[in-house]
Amino acid sequence: MTEAARPIRAAVLTVSDRCSRGTATDTSGPALAEMLRTSLGAEVVESRCLPDEQAQIAACFVSWSSPERGIDLILSTGGTGLAPRDVTPEAARCVIEREHPGLMELARLRCLPKTPRTFLSRGVAGTIHGTLILTLPGSFKGCTENLEALLDVLPHAIETLRGEVQDDGRPDAAAVSGKVIHHDD
């Protein structure tokens, strides 16, 4: 199997006080895992449910993004709203090495025709080492619509993070360590 053909290795974190206590059933995390498998052919290698505790969330992001784990994509669901205990964006920001605001901006813009409430999510995106982290809303509808809005760009983002794509915009670019993507635009 070539490097480019490797499936995306993903992890899904549900952030919810009620689900972590067992007083509510997590539907968002399993829905995201299923979408990753069916829409991206991803291998979901980790899943967990944690309470809305910033230190625990941050520690999970750091653990899952360690290079030896080989996880390409971490999706979290929950804790991105305006409630006082919604701290997932803060947890992500304190460990992310390079923030990528454009990804969540794109998700919110693409979800806007369905509901303006998409802009109530404070979700962030960024990388730790070679792992992309996306913090999605906690509702079933919110998290699945946000992920759906990004499905077309995520494979290229992961290939680029892996170093499989050399895309420097030059029309005469030649592959050195990966593949060259030529854009018509």
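How much net charge surrounds GLU53 when only other residues with a Cβ under 9 Å from its Cβ are counted (Lys, Arg +1; Asp, Glu -1)? Local net charge: -1. Taking the fewest neighbouring Cβ atoms within 10 Å as the starting point, the ordered list for THR135, THR80, THR160 is THR160, THR80, THR135. Taking every C-alpha pair closer than 8 Å and separated by at least 6 residues, the mean separation divided by the residue count of the range 7-180 gives a relative contact order of 23 percent. Taking θ as phi - 60° and the Karplus parameters 6.51, -1.76 and 1.60, the scalar couplings of the range 144-154 work out to 6, 5, 5, 5, 4, 5, 10, 4, 6, 9, 5 Hz in sequence order, x denoting glycine and proline. Applying the Karplus relation 6.51 cos²θ - 1.76 cosθ + 1.60 with θ = phi - 60° to the range 40-52 yields 3J(HN,Hα) values of 10, x, 6, 9, 8, 9, 8, 8, 7, 10, 10, x, 6 Hz, where x marks Gly and Pro. Taking amide H positions as modeled 1.01 Å from N, with prolines and chain starts lacking one, the residues under 5 Å from VAL44 and 5 or more places away or on another chain are ALA10. Close amide-amide hydrogen proximity is noted between LEU136 and SER76, THR77, GLY78, each under 5 Å apart and 5 or more residues distant or on a separate chain (H modeled in the peptide plane; Pro and chain starts excluded). Compared with the dominant principal axis of the Cα atoms in the chain, helix 54-64 is inclined by about 30°. Taking every DSSP bridge with both residues inside the chain, close to 25 percent are antiparallel. Structural size metrics of the range 106-148, computed from C-alpha coordinates, are Rg and Dmax of 10.8, 34 Å. Counting only Cα atoms, the chain measures 56, 39, 30 Å along its principal axes, largest extent leading. Pick from GLU145, GLU53, GLU97: which is most flexible by mean-square fluctuation in a GNM of the chain where alpha carbon atoms under 10 Å apart are linked? Looking only at GLU145, GLU53, GLU97, the largest GNM fluctuation is found for GLU97.
Going highest first, how would you order 14-25, 56-67 by mean Cβ packing within 10 Å? Present the calculation step by step, with values, prior to reporting the outcome.
Details: 14-25: 16.1, 56-67: 17.8.
So the peptides 14-25, 56-67, ranked by packing, come out 56-67, 14-25.
Using only alpha carbon positions, build the gyration tensor of the range 17-78, then give the equivalent ellipsoid semi-axes as the square roots of 5 times its eigenvalues, largest first, whole angstrom.
After diagonalising the Cα gyration tensor, the semi-axes are 20, 17, 7 Å.
Every number here is computed from the coordinates shown, using simple stated rules; none is lab data. None of these values were measured; they are calculated from a predicted model. Note that we place each Cβ from the backbone using ideal geometry, even for glycine, and neighbour counts take in every protein chain shown.
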